[in-house]
Amino acid sequence: LRHVSKALAEREQTNATLNEQLQQLTNEFKLKQEEFQKTQKALNKQLSIKQEQLVRYDQNLHDTEIKSKYAKEECSIQEKEIVRLNNVQEEQENRIKTLQQDLLNVQEQ
């Protein structure tokens, strides 16, 4: 009976030690889990911010591409207008030369 009693006491002691270790590991696990959740929350927040920045960047890039396209079209229109005005100016200069020549011819007569 003493032997069984001693074995039972040893087992109870072992169980108590194991229960303490289990409680300690459970507490450590909960702390690590909380730390992980905090880290995960912080990383998710950073990811959300980066995604929002990426959306804004993409929108700005799209807007810039549209503005660039219209600016190129406007430049092309202005270049064509410059060519047209240069042609008009050249025609006017030729007309003036013709009129001046006509005037000289009339004055000589």
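How much length is gained if the chain between residue 46 and residue 31 is pulled fully straight, taking 0.36 nm per residue apart and subtracting their Cα-Cα distance, in nm to one decimal? Let's see the in-between values first.
On the way: separation 15, 0.36 × 15 = 5.40 nm, distance 2.24 nm.
Answer, rounded to one decimal: 3.2 nm.
With springs only between Cα atoms under 10 Å, which of 47, 25, 61 fluctuates most in a Gaussian network model of the chain?
Most flexible of the set in this elastic network: 25.
Compare the Cα positions of 3, 49, 37 along the charge dipole of the chain (+1 at Cβ of Lys, Arg; -1 at Cβ of Asp, Glu; about the Cα centre) and return the one farthest towards the positive end.
Farthest towards the positive end: 3.
Please give the charge dipole size of the range 13-109, origin at the Cα centre, charges +1 on K and R Cβ atoms and -1 on D and E Cβ atoms. Round to the nearest 20 debye.
On the way: 14 positive and 17 negative charges, 153 e Å.
Here the range 13-109 has a charge dipole of around 740 debye.
Taking R0 as 41 Å, what's the FRET efficiency between residue 105 and residue 75 from their Cβ-Cβ distance, rounded to 0.05? Show your work: numbers first, answer last.
Values: r = 45 Å, r/R0 = 1.09.
Efficiency, rounded to the nearest 0.05: 0.40.
Given the rule -39500 (n - 2.57) for each run of at least 4 DSSP H residues, summed and divided by the residues of the chain, what is its mean residue ellipticity at 222 nm, to the nearest 500 deg cm²/dmol? It would help to have the intermediate numbers written out before the result.
Working: 1 runs with 107 residues, N = 109.
Calculated at 222 nm, the ellipticity per residue is -38000 deg cm²/dmol.
Name the residue from 100, 75, 85 whose Cα lies farthest towards the positive end of the charge dipole of the range 66-105, charges +1 on Cβ of Lys and Arg and -1 on Cβ of Asp and Glu.
75
For residue 21 and residue 88, compute 0.36 nm times the residue count separating them, minus their Cα-Cα distance, and round to one decimal in nm.
Values: separation 67, 0.36 × 67 = 24.12 nm, distance 9.78 nm.
Contour length minus Cα-Cα distance gives 14.3 nm.
Throughout, read-outs are computed from the coordinates displayed, never taken from laboratory work. Everything numeric here is computed off the predicted structure, so don't read it as measured data. Please note: Cβ atoms are built from the backbone with ideal geometry, for glycine as well, and neighbour counts cover all protein chains shown.
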